[in-house]
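Please read the structure below before turning to the comments.
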Amino acid sequence: MEAKFLEREFQARKAAVLAECELAPQVFEDVVPRLEQFMEPFVESLVRKEQVGHALTFVRGLVSDVEHRNTESIAYRFGQDRMPLQWFIGVSKWDDQPLRKELSRQIARDLGDSEGVLVFDPSAFPKSGRASVGVARQWCGRLGKIENCQVAVYLGYVSCHEHALVDMRL
């Protein structure tokens, strides 16, 4: 009886927390100018004007109300042809190193502390096929067994001020 009560209590609290996490899509429209300002130092390293536009569109799409956050859905959400955005994200050559350096610079400036620490966190996610990079039969913590999955290692920085994701690798 006690276990059923605790389970109901847990489910009710979980539903309440999830409801608090939901925002109206219009909230994100108010964020767009700030997001574009935030992205300015990151897109400076992109060579062509179209690349800057695609980067802004893609990031806006990631925080938008599209149900599936892929290049096709994002392009259509903003009334664009999907091919140029897909080409930018999946095929075109651009160096991501300056973007990573800018992120590290901002984290050091805003969160840096002499007692800050780096945190490495491996995380696996199941994959049904073998076409993606790094997919193999390996331990998948989410499933609690060895299964076909992909593993990423995330690097975070934590200080008394805040925490931030710094980098990741498959």
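Scanning region 103-115 for residues that are among the aliphatic types (A, V, I, L, M) and in contact (Cβ under 8 Å) with a residue 40 or more places away in the chain turns up Leu103, Ile107, Leu111.
Filter region 43-74 down to residues that are of a type in the set (Gly, Ala, Ser) and in contact with a Pro (Cβ under 8 Å, 6 or more places away or on another chain) and give me whichever is least open to solvent (accessible area, probe 1.4 Å). Here the residue is Ser64. Restricting the first member to region 83-102 and to residues that are touching a residue at least 24 places away in the same chain (Cβ under 8 Å), and the second to residues that are among the small types (Gly, Ala, Ser) and open to solvent by 80 Å² or more (accessible area, probe 1.4 Å), no beta-carbon pair is closer than 8 Å while six or more apart or on different chains.
Being surrounded by 14 or more Cβ atoms within 10 Å (Cβ to Cβ) and either assigned to a helix (DSSP H, G or I) or of a type in the set (D, E, K, R) (or both) is a property that Leu6 lacks. Can Val66 be described as without any contact (Cβ under 8 Å) to a residue 40 or more places away in the chain, under 26 Å from Glu162 (Cα atoms) and either assigned to a loop (DSSP other than H, G, I, E, B) or β-branched (Val, Ile, Thr) (or both)? No; evaluated as a whole, the condition is false for this residue.
For region 76-90, the condition holds for at least one residue, the condition being that it is at pLDDT 90 or above, open to solvent by less than 60 Å² (accessible area, probe 1.4 Å), out of contact with any strand residue (DSSP E or B) (no Cβ under 9 Å at 6 or more places or on another chain) and in a loop (DSSP other than H, G, I, E, B). Against the numbered list (1) surrounded by 11 or more Cβ atoms within 10 Å (Cβ to Cβ); (2) among the hydrophobic types (A, V, I, L, M, F, W, C); (3) at pLDDT below 90; (4) assigned to a helix (DSSP H, G or I), Ala16 comes up short only at (1). Look at region 143-156: where a residue is within 27 Å of Leu118 (Cβ to Cβ) and a partner is open to solvent by 30 Å² or more (accessible area, probe 1.4 Å) and not in a strand (DSSP E or B), sitting 6+ places away or on another chain with Cβ atoms under 6 Å, you get Cys149/Lys127; Gln150/Lys127; Gln150/Ser132; Gln150/Gly134; Ala152/Leu170.
Results for (1) more than 15 Å from the chain's Cα centre (by Cα); (2) at pLDDT below 90, shown as yes or no for each residue.
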| residue | (1), (2) |
| --- | --- |
| Phe120 | yes, no |
| Lys127 | yes, yes |
| Arg130 | yes, yes |
| Gly141 | yes, yes |
| Gln150 | yes, no |
| Leu155 | no, no |
| Ala164 | no, no |
| Leu170 | no, yes |
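Scanning region 91-111 for residues that are of a type in the set (S, T, N, Q) and open to solvent by 50 Å² or more (accessible area, probe 1.4 Å) gives Gln97, Ser104. On inspection, Ser114 does not qualify as among the small types (Gly, Ala, Ser) and surrounded by 14 or more Cβ atoms within 10 Å (Cβ to Cβ).
The values are calculated or read from the model by the stated rules, or taken from the named source; none is laboratory data. Just so we're clear, the structure is a prediction, and the values are computed from it rather than from any experiment. FYI the Cβ positions are ideal-geometry reconstructions off the backbone, even for glycines, and counts take in every protein chain you see. For accessibility, only protein heavy atoms count, side chains too; no ligands or nucleic acids. Shrake-Rupley method; radii C 1.70, N 1.55, O 1.52, S 1.80 Å.
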